[in-house]
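Here's the structure we're looking at; comments come further down.
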Amino acid sequence: MTSTIAPVPHAPAHILARNVCVDFTVAGRVTRVLNDVSLSVPKGGFVSLIGPSGCGKSTLLKVLAGLLAPTSGDVSVAGVTPVEAVRQRRIGIVFQEATLLPWKNALDNVAMLMQVAHASRSGDEIRQRAADMLRLVGLERAAQKRPAQLSGGMRQRVSMARALALDPEVLMMDEPFGALDAITREEMSDFLLEIWERTKKTIVLVTHSIDEAAFLSGEVHVMAANPGRILEAMPIGLPYPRNEESYAAPEFARATSRLRRLLKEGHRQVRAA
Amino acid sequence: MTATDNVTRVPANVDRAAANARMREVLARFMPPFVLLVGVIVVWEAVSRIFKVPEFVLPAPSTIVAVLIAHQRDLGYAAFVTAREVLWGFVLSGIIGAAVALVIARFATFGRALYPLVVLFQNVPKVALAPLFILWFGFDLAPKVVLIVVIAFFPVAINMLVGLQTVDSNLVALMRSVGASRNVILWRIQIPNSLPYLMAGLKVAVTLAVIGAIVGEFAGAQAGLGYMIQFASTQMQTALVFAALVEVSVLGMLFYYAIEWIERRYIDWMPHTA
Ligand SMILES: Nc1ncnc2c1ncn2[C@@H]1O[C@H](COP(=O)(O)OP(=O)(O)O)[C@@H](O)[C@H]1O
Ligand SMILES: [Mg+2]
């Protein structure tokens, strides 16, 4: 039974963070935003970070993605520092907002990072790959459309195609579906799961949706605020492949209720402090 | 303008309905101000006839039209002179304004030194510099162009700077993550992002350019609509003053709508605010 559960428990860590602390200085005052955060994500694993807003989820993701240097602690991605991993194009990033160029069509938006990363490749080669990626996310017919002509879900898929185009080993996503309505959100969840199963990438997803975290992840890291830290790394014992029926599985209900309790606990601690 | 232009791109059957719809839209937009304008002119004409207002105080619209026709060659030449000043001044304002913005955005340290000086300079009442420019550059084109530039480059620079600086920081982070240099980011993200802002600045600048040209001519000139207004008013030829004013307004509108046309034609990713 455990063989169908990902991440494989004893696989070597693909992403490893040890005792990470982050301080921000605003107007001369130092605030600890992340305190002693450690986590490990196996290769091909799907891990979510969940927690109340302001608890440092985005900050942690930025540290893992090499966009922010931690004040102290060590981080490695695929055995190297995140900055080096980014340089080797091992990390793809998707933000909450699709962050597309409004003056370019979907195809050119997907090609945008490739044009810089693979400057030596021909324009045709890059366009071909961009078209392939759009097909992967089911948007081949929207290639010529500008972001303003696309729905929120479609924009987010373009943004995903752009990240996938560089063929990163790791996909880091910061509330990528946060701005979408409930139905589109679930569609995007199914879609992300499908991509993950097909491409075998390691995924770190920031979310504040309990259902989303439980439905998608092999493991959920529950965070609490003030200072930001990980309360518990909770494995989700729901077998993959997951689908509509997974929402009705007893294991899903067990996982979500435990997540809910943990989040409430974190909240109480904050108020008590 | 945009109507005819878009029509060429859609299939013929959609063509008609779309063109009609757009025509109605254009009518709905331009009818009310047009009706109001006609109303004002009619009342003005009636008042000056009924109360026999002396022509040197306020000439009737019909008199102004008659003067526009009678003096069309002089007025035409004056308009040409002024238009040339506006065009040169405006183009240079655009180039200098954009260059200032690019330098401030690209070279942070130098930008921090330059920016306050630019703002400080903006507080100098530049119209007061007009006589100085006449002194330095003569009575011809040059002093007007210089005056226009010092008046009109600022809105261009400030608007474009905002456009260069309000790029999505996540987008910049993504570009950095694949090794994009500052120049690449400037060229591929910041500059395109700034174009709608630049156009807004240019629209302000063109209006200021017309003012600059007229003020420049007031300060000293041998031709142009501003020169004509001043000359005619000393001769109490009030109808000619009004005729020149009409041409100034038409000139300003032509320049303004030319820019708006370019904006709609080439920068179509921003929703247009009327
Ligand atoms: N660049 C920054 N400078 C100062 N404080 C910041 C910065 N970024 C985030 N913070 C603070 O750090 C905390 C965590 O932020 P964030 O990681 O965005 O939280 P989350 O993504 O969980 O909502 C917040 O209190 C936020 O105000
Ligand atoms: Mg966040």
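The values are calculated or read from the model by the stated rules, or taken from the named source; none is laboratory data. In this text the structure is predicted, and so the values were computed from the model without any measurement. Every residue, glycine among them, receives a Cβ derived from its backbone with ideal geometry; neighbour counts consider all protein chains shown.
Listed by first and then second residue, the pairs linking a residue in segment A:217-228 that is more than 15 Å from ligand 2 (Cβ to nearest atom) to a residue that is of a type in the set (Lys, Arg) and part of a strand (DSSP E or B), with Cβ atoms under 8 Å apart and 6 or more places separating them unless they lie on different chains, are A:PRO227/A:ARG32.
None of B:ALA209, B:ALA213 is assigned to a helix (DSSP H, G or I), in contact with an Asp or Glu (Cβ under 7 Å, 6 or more places away or on another chain) and away from every other protein chain (no Cβ under 14 Å) except B:ALA213.
Can you list residue pairs whose Cβ atoms sit under 7 Å apart, with the first residue in segment A:52-77 being away from chain B (no Cβ under 14 Å) and over 14 Å from B:ASN170 (Cα atoms) and the second being near ligand 2 (Cβ under 9 Å from one of its atoms) and at pLDDT below 95? Count only pairs 6 or more apart in sequence or on different chains. Short answer, once both residue conditions are applied: A:SER53/A:HIS208.
Condition check ((1) touching a Ser or Thr at 6+ places or on another chain (Cβ under 7 Å); (2) in contact (Cβ under 8 Å) with a residue 40 or more places away in the chain; (3) surrounded by 14 or more Cβ atoms within 10 Å (Cβ to Cβ); (4) assigned by TED's automatic domain parsing to the domain that holds B:MET160) across all residues:
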{"residue": "B:VAL38", "(1), (2), (3), (4)": "no, no, no, no"}
{"residue": "B:VAL43", "(1), (2), (3), (4)": "no, no, no, no"}
{"residue": "B:SER48", "(1), (2), (3), (4)": "no, no, yes, no"}
{"residue": "B:VAL67", "(1), (2), (3), (4)": "no, yes, yes, yes"}
{"residue": "B:LEU75", "(1), (2), (3), (4)": "no, yes, yes, yes"}
{"residue": "B:ALA79", "(1), (2), (3), (4)": "no, yes, yes, yes"}
{"residue": "B:LEU92", "(1), (2), (3), (4)": "no, yes, yes, yes"}
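If I filter segment A:174-190 for residues that are in a strand (DSSP E or B) and within 16 Å of ligand 2 (Cβ to nearest atom), do I get at least one hit? So far as segment A:174-190 goes, yes, one or more of its residues are in a strand (DSSP E or B) and within 16 Å of ligand 2 (Cβ to nearest atom). Annotation: of all residues in segment A:96-119 being touching a residue at least 60 places away in the same chain (Cβ under 8 Å) and not hydrophobic (A, V, I, L, M, F, W, C), the one that is farthest from the other protein chains (Cβ to nearest Cβ) is A:GLN96. Name the residue that is farthest from A:MET172 (Cα to Cα), counting only residues in segment A:50-84 that are touching a Cys at 6+ places or on another chain (Cβ under 9 Å) and more than 15 Å from ligand 1 (Cβ to nearest atom). Of everything passing the filter in segment A:50-84, A:SER72 is farthest from A:MET172 (Cα to Cα). When residues in segment A:8-66 are screened for being within 16 Å of ligand 2 (Cβ to nearest atom) and aromatic (Phe, Trp, Tyr), 1 of them pass.
Can you tell me which residue in segment A:84-95 is surrounded by the fewest Cβ atoms within 10 Å (Cβ to Cβ), limited to those that are within 11 Å of chain B (Cβ to nearest Cβ) and out of contact with any helix residue (DSSP H, G or I) (no Cβ under 9 Å at 6 or more places or on another chain)? Looking at residues that are within 11 Å of chain B (Cβ to nearest Cβ) and out of contact with any helix residue (DSSP H, G or I) (no Cβ under 9 Å at 6 or more places or on another chain), I get A:GLN88. Could you check, for segment A:232-250, whether at least one of its residues is surrounded by 18 or more Cβ atoms within 10 Å (Cβ to Cβ), away from ligand 2 (no atom under 16 Å from the Cβ) and in a helix (DSSP H, G or I)? So far as segment A:232-250 goes, yes, one or more of its residues are surrounded by 18 or more Cβ atoms within 10 Å (Cβ to Cβ), away from ligand 2 (no atom under 16 Å from the Cβ) and in a helix (DSSP H, G or I). May I ask you to verify whether B:LEU225 is surrounded by fewer than 18 Cβ atoms within 10 Å (Cβ to Cβ) and either away from chain A (no Cβ under 14 Å) or modelled with pLDDT of 95 or more (or both)? No; evaluated as a whole, the condition is false for this residue.
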